[in-house]
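Q: If you scroll down you'll find the structure; I have some questions about it.
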Amino acid sequence: MALVVVGGGRRSGKSRYAHALASAHGPRLAFVATMRPGDDEENPDKIAAARQERGSGFVTFEEPLDIAGILEQRASQFDAIVVDDLTVWVSNLVMSGAGDPETEAARFLALAPNCGTEVVVVTSDVDFGFPVDSAASRQMRRVAGLVNRQAAETASRLYWMVFGIPKRIR
């Protein structure tokens, strides 16, 4: 199967498009949620809205750190898996100190295109936003930019969302 990357800015329609791409591969769908409810007071509401938007057609795995592990253990059970959001995942890795983010990204990106199912990854651009000051924020932005670039290079299809409209890059 393939690795597909859907990138763009906040609220650009990335997740909705990723759901549609995954749904085209069959009825057995999984969703890997990387957002942790307790990290921000708004996260529980964001998570509830995301669940409602994707509907009951997806089996959800809440996994903030080991997304490669989900692919290793579960890929054969699904026609497509959506991982939402790669940038949040990188932030989780950087902030938790659980493993080297670049090593974990290499593990995931080696596995995703070869796991036997369509893997659709949602990610956000990290350099169209606000300036960041803390060392951890700078590290997160550096690693997320690197991982986004590596994901785009690995992907067989790459989309950029512009105001809810997908633009195929490759």
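Read-outs: derived from the displayed coordinates by stated rules, not from any lab. Everything numeric in this text was worked out from a predicted model, so none of it was measured. Methodologically, a virtual Cβ is constructed for each residue, glycine included, from the backbone with ideal geometry; neighbour enumeration extends over all protein chains shown.
Q: Grab the Cα-Cα distance for ASN114 and SER96, subtract it from 0.36 nm times how many residues apart they are, and report the gain in nm with one decimal. Working shown, then result.
A: On the way: separation 18, 0.36 × 18 = 6.48 nm, distance 2.78 nm.
The ASN114-SER96 span can extend by a further 3.7 nm.
Q: Quick one, what does Rg over Rh come out to for the chain if you take C-alpha atoms and the Kirkwood Rh? Please list the in-between numbers first.
A: On the way: Rg = 14.8 Å, Rh = 15.9 Å.
My calculation of the ratio gives 0.93.
Q: Is it possible to state the helix-based mean residue ellipticity at 222 nm for the chain, with each DSSP H run of 4+ residues giving -39500 (n - 2.57), the sum divided by total residues, to the nearest 500 deg cm²/dmol? What is it?
A: For the chain, the value works out to -13000 deg cm²/dmol.
Q: If you build a Gaussian network model of the chain, linking Cα atoms that sit under 10 Å apart, which residue out of PHE61, PHE108, PHE78 swings the most?
A: Its mean-square fluctuation being the largest, the pick is PHE61.
Q: Cα centroid distance between the stretch 64-80 and the stretch 1-25, in Å?
A: 17
Q: Using a 10 angstrom cutoff on alpha carbons, build the Gaussian network for the chain and name the most mobile of PRO113, PRO101, PRO27.
A: Comparing PRO113, PRO101, PRO27 in a Gaussian network model of the chain, the most mobile one is PRO27.
Q: How far apart, in nm, are two points set 7 Å out from the Cα along the Cα-to-Cβ line at LYS167 and at GLN77?
A: So the label points at LYS167 and GLN77 sit 3.9 nm apart.
Q: Just SER134, SER91, SER76 to compare: in a GNM of the chain, with alpha carbon springs under 10 Å, which one fluctuates most?
A: Comparing SER134, SER91, SER76 in the GNM, the peak value goes to SER134.
Q: For the chain, what are the DSSP H helices with axial Cα length of 24 Å or more and mean Kyte-Doolittle hydropathy of at least -1.0?
A: Helices meeting the criterion: 135-154.
Q: Then there's this: Find how much the distance from ARG142 to LEU65 grows on full extension, using 0.36 nm per residue of separation minus their present alpha carbon separation; answer in nm with one decimal.
A: 25.9 nm
Q: With label points built 7 Å along Cα→Cβ from the Cα atoms of ARG11 and ASP125, find their separation and express it in nm.
A: Output for this residue pair reads 1.7 nm.
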